[in-house]
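Inspection log for the structure reproduced underneath, given as structure tokens.
The values are calculated or read from the model by the stated rules, or taken from the named source; none is laboratory data. As the structure is a computational prediction, the values presented were derived from the model and not from experiment. Heads up, the Cβs are rebuilt from the backbone with ideal geometry, glycines too, and the neighbour counts pull from every protein chain shown. Surface areas here come from the heavy atoms of the whole protein model, side chains and all, with no ligands, DNA or RNA. Shrake-Rupley method; radii C 1.70, N 1.55, O 1.52, S 1.80 Å.
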Amino acid sequence: MSEINEITIDLNGEEQTFSVKPGVPLRDAIRNELQMTGTKEACEVGECGSCMTLIEGTPVKSCLVPAHQANGKEVTTVEGLADDDLHPVQEGFIEEFGLQCGYCTPGFIISSVALLEENPNPSREEIKQYLKGNLCRCTGYTKIFDAVEHAAEAYDE
Amino acid sequence: MQYYQPDSLSDAVDRLKEADEAKIVAGGQSMMPLLRQGLISPDRLVDITNIPDLNQVTISGRSVEIGALVTYSELLETDLCTELDLLRDAIEAIADVPVRNAGTIGGGVSHADPAQDLPPALQCLDAQVVSFDGKETRRHDLTEFFLDYYLTELAPHEIVTGIEFEMPPAHSGGTYASDTEAPGGWSTAGIAALIIPDEDDGETCVDARLAYCAGAPVPERVSSEIEETLIGNRIDREIVDEVATAIISDLELIDDVGDDIEYRKHLFRVMTKRAISTALERSEAPPLVEASQ
Ligand SMILES: Cc1cc2nc3c(=O)[nH]c(=O)nc-3n(C[C@H](O)[C@H](O)[C@H](O)COP(=O)(O)OP(=O)(O)OC[C@H]3O[C@@H](n4cnc5c(N)ncnc54)[C@H](O)[C@@H]3O)c2cc1C
Ligand code: FES
Ligand code: FES
């Protein structure tokens, strides 16, 4: 088997076929091969959540998933959330000032979307538990949790 | 490096055998950081996630079989975790939602990190690890499976296919108690407890199982002499204190990163008391009382 492998993923609704080296994480494949840089890179080892991505709707840290495991699957990044309007979670982050430098924001937004899809009416405690895998170094978490609650109201409507 | 995604167990074993240094990948949650940090550099990765039938949870009567590829999140969704507080508590202590979404139970036990949260709970359930080495299916008692830091009884080409155990009686109670330095972080002290009271009198403890992680190079069942302190009595605070003190002298803590050894011993004492009293509360035995006169 050669060193370079070809995989096909459905990235944000568009089928993409590209080559990826063995063992390369999904995050690097998305950023470097497909030039989708909304998925951030930071810690490299699964601790910060800035690379959070949905595979078939399930949030995973894409620096920890070999790109080959996404072959044939639906992958959603922050670029895939808005259509003509922003996603309610994106609106929530704007309304509640849930960000400063914004580096962690795509990861938080992806996790929050997954949470609200699963549980449109989470308690504060449930939000905290669900977002444990995302770190923010500047906003503190209060505004972020407010943003998710704001978005949850829109989900309820 | 080569990357294979075999779709049968025997093909996977063959792929592992024919390379100089091959590594299995399941959820990748531990493997990817090791690769990224250059701590390992295998010439071949054998990704086992396309092998069918390893992602089932099968319950027949009181026998439970959990396939190696079942993720922690999938396991949390099963009735098993509704019924078995011990298992649910241990899984909820693992990292965070996205790590649990990808991390597998087979990968967890094979990785053999001494701070892994699930092994103590499985040790209290007298679980066995089932593996396949290309020729035969082997069963390993989880109490003997771990040999040292990150080292198990598995041969390099041997694949864990699942975990098996018997459900404890419905009148038993269990829990996993742990302490961590940061939310979602690794446990600095973790202990699982399963208490089985006498079915007839409802209060004499007839079986007690305790196991800890992050206290020694391997997750470990507490020595039978210590467990026996709890058996044959109605458990009271004095007995619990005695057990918590005995466990501390059993620990082989190393002075690694994080809290100092004396503080961690203190944590183990607190976690042990918490685990036993919660297990007792959840059993059909009466909750903890002061020492009997
Ligand atoms: C940020 C972070 C925090 C974490 N915190 C915790 C925590 O608090 N508590 C905790 O318990 N765990 C924690 N983990 C570890 C996580 O539980 C493990 O990474 C996971 O269980 C390993 O499973 P995996 O399927 O991802 O295995 P992989 O990463 O794919 O593999 C791990 C090891 O097991 C081997 N392996 C995998 N499957 C098999 C198999 N079926 N047969 C034989 N060998 C196999 C691989 O070759 C490799 O050596 C954390 C991980 C991360 C990234
Ligand atoms: S870059 Fe993936 S979790 Fe930090
Ligand atoms: S806003 Fe800067 S890291 Fe979160």
Rounded to the nearest Å, the spacing of the alpha-carbon centers of the range B:1-73 and the range B:178-215 is 30 Å
Across peptide A:21-33, what mean number of C-beta atoms from other chains lies inside 10 Å of a residue's C-beta? 3
Hey, which aspartates and glutamates would be in cross-link range of B:Lys23, C-alpha to C-alpha under 18 Å, not counting anything within fewer than 8 residues on its own chain? A:Glu3, B:Asp7, B:Asp11, B:Asp14, B:Asp43, B:Asp47, B:Asp113, B:Asp133, B:Glu153, B:Glu158
What is the interface area between chains B and A, defined as buried accessible area summed over both chains with a 1.4 Å probe, reported in Å² to the nearest 100? 2100 Å²
Along Cα→Cβ, 7 Å out, is where each label goes; now give me the distance between the ones at B:Asp148 and A:Leu86 in nm to one decimal. 5.5 nm
The percentage of the accessible area of the protein assembly as shown (probe 1.4 Å, all protein chains present) made up of carbon and sulfur atoms, to the nearest whole number, is 44 percent
Could you work out the mean count of beta carbons from other protein chains within 10 Å of each residue's beta carbon in B:27-39? 5
Rounded to the nearest 10 Å², the accessible area of B:Asp201 using a 1.4 Å probe with every protein chain kept is 80 Å²
Among B:Leu118, B:Leu230, B:Leu147: highest mean-square fluctuation, GNM of chain B, C-alpha pairs under 10 Å: B:Leu147
So for R0 = 60 Å, FRET eff. of A:Asp10-B:Glu262 from the Cβ-Cβ r, to 0.05, ends up at 0.65
Amide H contacts of B:Thr188 (H built 1.01 Å from N, under 5 Å, at least 5 apart or other chain): B:Asp179, B:Thr180, B:Glu181
Rolling a 1.4 angstrom probe over the protein heavy atoms, how many square angstrom per residue are accessible across the range B:141-245? 40 Å²
Excluding residues fewer than 8 positions from A:Lys143 in its own chain, the aspartates and glutamates with Cα under 16 Å of it are A:Glu91, A:Glu95, A:Glu96, A:Glu125, A:Glu126, A:Glu153
Per the charge dipole of the range B:89-234 (beta-carbon charges, Lys/Arg positive, Asp/Glu negative, Cα centre), the residue among B:Ala193, B:Ala121, B:Gly173 reaching farthest to the positive end is B:Ala121
Partner shielding of A:55-68, as the mean number of partner chain Cβ atoms within 10 Å, equals 6
Of all GluC sites (Glu not before Pro) in the range B:191-261, which ones are in loop regions per DSSP and have a Cβ with at most 10 other Cβ atoms within 10 Å? B:Glu252
DSSP bridge orientation in the range A:1-92 - percent antiparallel, rounded to nearest 5: 90 percent
Label model pair A:Glu79, A:Glu125: point-to-point distance (7 angstrom along the Cα→beta-carbon line) in nm is 4.0 nm
Under 20 Å from the B:Glu252 label point (7 Å along Cα→beta-carbon), backbone N, the range B:165-192: B:187-192
Chain B: longest stretch without exposed chymotrypsin sites (Phe, Trp or Tyr not before Pro) (DSSP loop, at most 16 other Cβ within 10 Å), sites themselves excluded? B:1-148
For a quick check, take a GNM of chain B with Cα springs below 10 Å and name the residue from B:Gly162, B:Gly134, B:Gly103 with the largest mean-square fluctuation. B:Gly134
Trypsin sites (Lys or Arg not before Pro) within the range A:102-157: DSSP coil, no more than 15 neighbouring Cβ in 10 Å: A:Arg137
Using a loss threshold of 30 Å², tell me which positions in the range B:82-107 are less accessible in the complex than in their chain alone. Probe radius 1.4 Å, ligands and nucleic acids ignored. B:Asp96, B:Val97, B:Pro98, B:Asn101
Sum -39500 (n - 2.57) across every DSSP H segment of at least 4 residues in the protein assembly as shown, then divide by the residue count to get the 222 nm mean residue ellipticity, nearest 500. -9000 deg cm²/dmol
Taking Cα atoms only, helix A:105-118 is inclined relative to the longest principal axis of chain A by an angle, in degrees rounded to 10, of 80 degrees
Among the residues of the range A:110-142, which ones have their accessible area go down by 50 Å² or more when all the protein chains sit together, as opposed to their chain alone (1.4 Å probe)? A:Lys132
Which angle from 0 to 90°, rounded to the nearest 10, does the C-alpha axis of helix B:9-18 make with the longest principal axis of chain B? 70 degrees
Connecting every pair of Cα atoms under 10 Å apart in chain A and solving the GNM, the largest mean-square fluctuation among A:Val24, A:Val60, A:Val78 falls on A:Val24
Surface per residue (accessible, 1.4 Å probe) for the range A:36-157, Å²: 44 Å²
Reachable lysines, given that their alpha-carbon falls under 29 Å from the alpha-carbon of B:Lys17 and they are not under 8 places away in the same chain: A:Lys21, B:Lys135
